[in-house]
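Peer 1: Before I ask anything, let me first share the structure, which is written out below as structure tokens.
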Amino acid sequence: MEIKVEGKPKKSSLMKKNILVSVVFMIASASVLFAQQPKPTGDKYGRSSIYPVLIPHPQTKFSSQIDYVYLSLPTPDKYENHSLKVRRVEGFGEKWVDEKIITEFLEKNNVARRMVEKWFNRDENGIFNVDLVAERGNYNATVLDVEEARMSTRGLAMLADAGEELIDKTFVMVSDIVYVDKEKQAQTAATVLRIFGEIASAAAAAAASDGNDDAATVASGVSALAGLGALVASNLEGFTVKVKTHLYQLQWNEEVADEFYTRYWVDKNTPEAERMNRKEMFDKSGLFHLKYLGSYVDKSEQTVFKGLYSKEDVIKKVCARAIDRSIVGLQQAYDVFKVKTPITNVEGSTVQAQIGMKEGVSEKTKFEVLQRVEKENGRTAYRRIATLKPQKKQIWDNRFMAYEEQAEGSNLNATTFSVVGAANILPGMLIRQIK
Amino acid sequence: MFLPVLAVVLTVPAAAQESDNAVKEAYYGKNVPVWQMKGEVTNMDMQKVLYPKNFSWDKVTVSETDGKEEVKSQSGSENKRDEYNTLAGKLQANKDLKALKAVGFPGVYDVYLFDNGGKFGMAYKDGKLTAKPEYDKIYAVYQKVPQIDDYALLPVFMVSRNKEYALVDLFGSVLTRFCKDPEMLKDACLISESDHFNLKQIIPDKYWK
């Protein structure tokens, strides 16, 4: 990768406009020498941000169990959690929802705008700040006094870098999960009703006979649930789901950023009238959009368990692994969704990184080692300095519950790679899968 | 519909009697929030009953009741006891379960409790686990139905682990985060009010933030 050392940055339209609000990042250290400085990584290395959304099908069996399991799963650990409060939106029927309906839902509900709001910690008064951007970007930055209402070249570069490195790499991942029902719906309903008949107890009947509808409703509802539990428990064998995962990317480019900072930015020092005006404009803005990248289809594999496990474990494992595979599939299809992982250890011609089978690492995969450098204008660039191959029997099995089932490689805590080619590799450098 | 609810300790091993008393002291006779059913529950909405929107939280008084006896009284017929004994045998045959001791069960459900070396779990009548033996206590949750002057068992359990509490359904699914105080459970549900819309709806602003 060639590092292009840019000359003096263009005078942005941001500068031309007499904006009332500005945001400036200040590099606290090593700010004098910018030319291709390796940047530190550590825990924060500009990870992509993700907002996972579940589409359940409440009419199907196991729907509520899948809901709770999905919502209890942690955010994939190679991504920053950018979830909004709505994490589950019901689909219809028993089949996957058409992508157009999902796209329309996201558009009509202004999800893109809400994700921008989250990036800039917008509060109820419409006031933004850059704390989250600084934190996730590890910019070692300080927000200066915005009352000065000016934008330094350095600050502009940092904002542009944050936009390209962070905000533009914000994704909505919509998982449409359908339980593969091997029985016909009619049969299921009949079974449920039969169980009702057995359990829907005297309480309901007695209450009903007394003309007490409320009590009858409660009692029969509780009894019905008991029956449902039995049904659920006895039919878990061969639990299988089909997952169609749709991927959307937040559209954030120079034009969008420019308009956002110029027309909509509000901070605590913005005059009240102007704040109200900008707040209203932002709320009505059609500036922000999501781009549909594509989808990935996964059908869960046969589950094999060792040791002690519960039925919830079965659902958890099936769903978690299906989602992990979907993420891997989407990464392979869309470069922009690929994650970078820091090298944690270097020993001779081998390196280690905390990435494994969950992220799709196999003996056939290849990785590049990237050196993160900072260009003269403050923007970040990546330079490939070597390639890596996972070593046999040294691939970490970090898939969901792999350790509990004592899978081979699950006792490792990182994957060991052989370095192809000569390079001075250091811990903290990033690796990324290549085709 | 606001109805009083009774939370009953189902697991009462001798070794745990002391801590059990502590639980009673802490919660019995005091106002404890628990889930209560509200609105109409139809057969079609069975699964949704487990969602918080179908429950309301309220301060209610918990009666001091011997949970074990309560469970026994609901155990019902001889068939149920036979089923329980058969299950106990199946569980004993599970080599992964050590020092197994069956301790009781809520009769309405086909879910049974067992004690595995001081940790409690739940199993379905076929011997398969619905909850691994990882809980210090499992509580049944009852709802008082004043119209029939009796309690109805709710399809949720309160479990404790390392002095933290959570709600699980009878299937063993954990419905809330683990909280230090049961009173915190009302805000700890994994599914919130924001999660009850469908793809054709415009979701109001307040549900997004």
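The values are calculated or read from the model by the stated rules, or taken from the named source; none is laboratory data. Since we're looking at a predicted model, the values are computed, not measured. No Cβ is skipped: glycine too gets one built from the backbone with ideal geometry, and neighbour counts run over all protein chains shown.
Peer 1: Within 14 Å of another protein chain (Cβ to nearest Cβ) and either crowded, with 16+ Cβ neighbours inside 10 Å or acidic (Asp, Glu) (or both) - does that describe any residue in the stretch A:255-274?
Peer 2: Looking through the stretch A:255-274, none of the residues is within 14 Å of another protein chain (Cβ to nearest Cβ) and either crowded, with 16+ Cβ neighbours inside 10 Å or acidic (Asp, Glu) (or both).
Peer 1: Counting only residues that are part of a loop (DSSP other than H, G, I, E, B), among the hydroxyl-bearing types (Ser, Thr, Tyr) and more than 11 Å from chain B (Cβ to nearest Cβ), how many does the stretch A:41-75 have?
Peer 2: Looking only at that region, the number is 4.
Peer 1: Let me ask another. Among what's in the stretch B:154-176 and is of a type in the set (Ser, Thr, Tyr) and over 11 Å from residue B:139 (Cα atoms), pick the residue that is farthest from the other protein chains (Cβ to nearest Cβ).
Peer 2: Among residues in the stretch B:154-176 that are of a type in the set (Ser, Thr, Tyr) and over 11 Å from residue B:139 (Cα atoms), the one farthest from the other protein chains (Cβ to nearest Cβ) is B:176.
Peer 1: Consider only pairs whose beta carbons are under 8 Å apart and that are at least six residues apart or on different chains; among these, list those whose first residue lies in the stretch A:268-296 and is outside any strand (DSSP E or B) and whose second residue is acidic (Asp, Glu) and at pLDDT 95 or above.
Peer 2: A:289/A:107
Peer 1: Also: Tell me the residue from A:314, A:339 that is within 17 Å of residue A:76 (Cα to Cα) and either among the β-branched types (Val, Ile, Thr) or not in a helix (DSSP H, G or I) (or both), please. Don't jump to the end; show me each part of the working.
Peer 2: Working: A:314 fails: within 17 Å of residue A:76 (Cα to Cα).
Checking each option against the conditions leaves just A:339.
Peer 1: Which of the residues that make up the stretch B:176-190 are buried (at least 20 other Cβ atoms within 10 Å of the Cβ) and at pLDDT 85 or above?
Peer 2: B:176, B:190
Peer 1: Looking at residue A:105 and the list (1) outside any loop (DSSP other than H, G, I, E, B); (2) in contact (Cβ under 8 Å) with a residue 40 or more places away in the chain; (3) within 12 Å of chain B (Cβ to nearest Cβ), which single condition is not satisfied?
Peer 2: With respect to (1) outside any loop (DSSP other than H, G, I, E, B); (2) in contact (Cβ under 8 Å) with a residue 40 or more places away in the chain; (3) within 12 Å of chain B (Cβ to nearest Cβ), residue A:105 is out only on (2).
Condition check ((1) farther than 25 Å from residue A:61 by Cα; (2) small (Gly, Ala, Ser); (3) modelled with pLDDT of 65 or more; (4) part of a strand (DSSP E or B)) across all residues:
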{"residue": "B:148", "(1), (2), (3), (4)": "yes, no, no, no"}
{"residue": "B:155", "(1), (2), (3), (4)": "no, no, yes, yes"}
{"residue": "B:160", "(1), (2), (3), (4)": "yes, yes, yes, yes"}
{"residue": "B:168", "(1), (2), (3), (4)": "no, no, yes, yes"}
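Peer 1: A follow-up question, please. Of all residues in the stretch A:64-75, which are out of contact with any Lys or Arg (no Cβ under 6 Å at 6 or more places or on another chain), touching a residue at least 40 places away in the same chain (Cβ under 8 Å) and crowded, with 21+ Cβ neighbours inside 10 Å?
Peer 2: Selection gives A:65, A:66, A:70.
Peer 1: Check A:409, A:356, A:348, A:421 and return the single one that is surrounded by 20 or more Cβ atoms within 10 Å (Cβ to Cβ) and among the small types (Gly, Ala, Ser).
Peer 2: Working: A:409 fails: surrounded by 20 or more Cβ atoms within 10 Å (Cβ to Cβ); A:348 fails: surrounded by 20 or more Cβ atoms within 10 Å (Cβ to Cβ); A:421 fails: surrounded by 20 or more Cβ atoms within 10 Å (Cβ to Cβ).
When all the criteria are applied, what remains is A:356.
Peer 1: Hey, another quick one. Could you run through the stretch A:109-135 and say how many residues are of a type in the set (A, V, I, L, M) and over 24 Å from residue A:88 (Cα atoms)?
Peer 2: Of all residues in the stretch A:109-135, those of a type in the set (A, V, I, L, M) come to A:111-112, A:115-116, A:127, A:130, A:132-134.
Those still in the list that are over 24 Å from residue A:88 (Cα atoms) too: A:127, A:130, A:132-134.
So the count comes out to 5.
Peer 1: What residue, among those in the stretch B:193-209 that are in a loop (DSSP other than H, G, I, E, B) and at the interface with chain A (Cβ under 7 Å from one of its Cβ atoms), is modelled with the lowest pLDDT?
Peer 2: The residue in question is B:209.
Peer 1: Please determine whether any residue of the stretch A:394-409 is farther than 30 Å from residue A:69 by Cβ and in contact (Cβ under 8 Å) with a residue 12 or more places away in the chain.
Peer 2: Restricting attention to the stretch A:394-409, the residues satisfying the condition of being farther than 30 Å from residue A:69 by Cβ are A:394.
After this cut, where a residue has to be in contact (Cβ under 8 Å) with a residue 12 or more places away in the chain as well, the list is A:394.
Yes: one or more hits.
Peer 1: Hey, another quick one. In the stretch A:382-406, which residue that is in a loop (DSSP other than H, G, I, E, B) and in contact with a Phe, Trp or Tyr (Cβ under 7 Å, 6 or more places away or on another chain) is surrounded by the fewest Cβ atoms within 10 Å (Cβ to Cβ)?
Peer 2: If we filter the stretch A:382-406 for residues that are in a loop (DSSP other than H, G, I, E, B), which is where we start, we get A:391-406.
Checking which are in contact with a Phe, Trp or Tyr (Cβ under 7 Å, 6 or more places away or on another chain) leaves us with A:391, A:405.
Values: A:391: 14, A:405: 17.
The extreme case among them is A:391.
Peer 1: Considering only the stretch A:351-363, I want to know if a residue exists there that is over 17 Å from residue A:409 (Cβ atoms), over 18 Å from the mean Cα position of the chain (by Cα) and in a loop (DSSP other than H, G, I, E, B).
Peer 2: No, the stretch A:351-363 has no match at all.
Peer 1: Another question, then. What is the one condition in (1) within 30 Å of residue A:285 (Cα to Cα); (2) at pLDDT 90 or above that residue A:95 does not satisfy?
Peer 2: (1)
Peer 1: Can you find, within the stretch A:76-102, the residue that is surrounded by the fewest Cβ atoms within 10 Å (Cβ to Cβ) among those that are within 10 Å of another protein chain (Cβ to nearest Cβ) and touching a residue at least 60 places away in the same chain (Cβ under 8 Å)? Let's see the steps before the verdict.
Peer 2: Initially, the stretch A:76-102 is screened for residues within 10 Å of another protein chain (Cβ to nearest Cβ), giving A:84-92, A:97-98, A:101-102.
When the remaining residues are screened for being touching a residue at least 60 places away in the same chain (Cβ under 8 Å), the result is A:91, A:97, A:102.
Numbers: A:91: 24, A:97: 22, A:102: 24.
Restricting to residues being within 10 Å of another protein chain (Cβ to nearest Cβ) and touching a residue at least 60 places away in the same chain (Cβ under 8 Å), the top hit is A:97.
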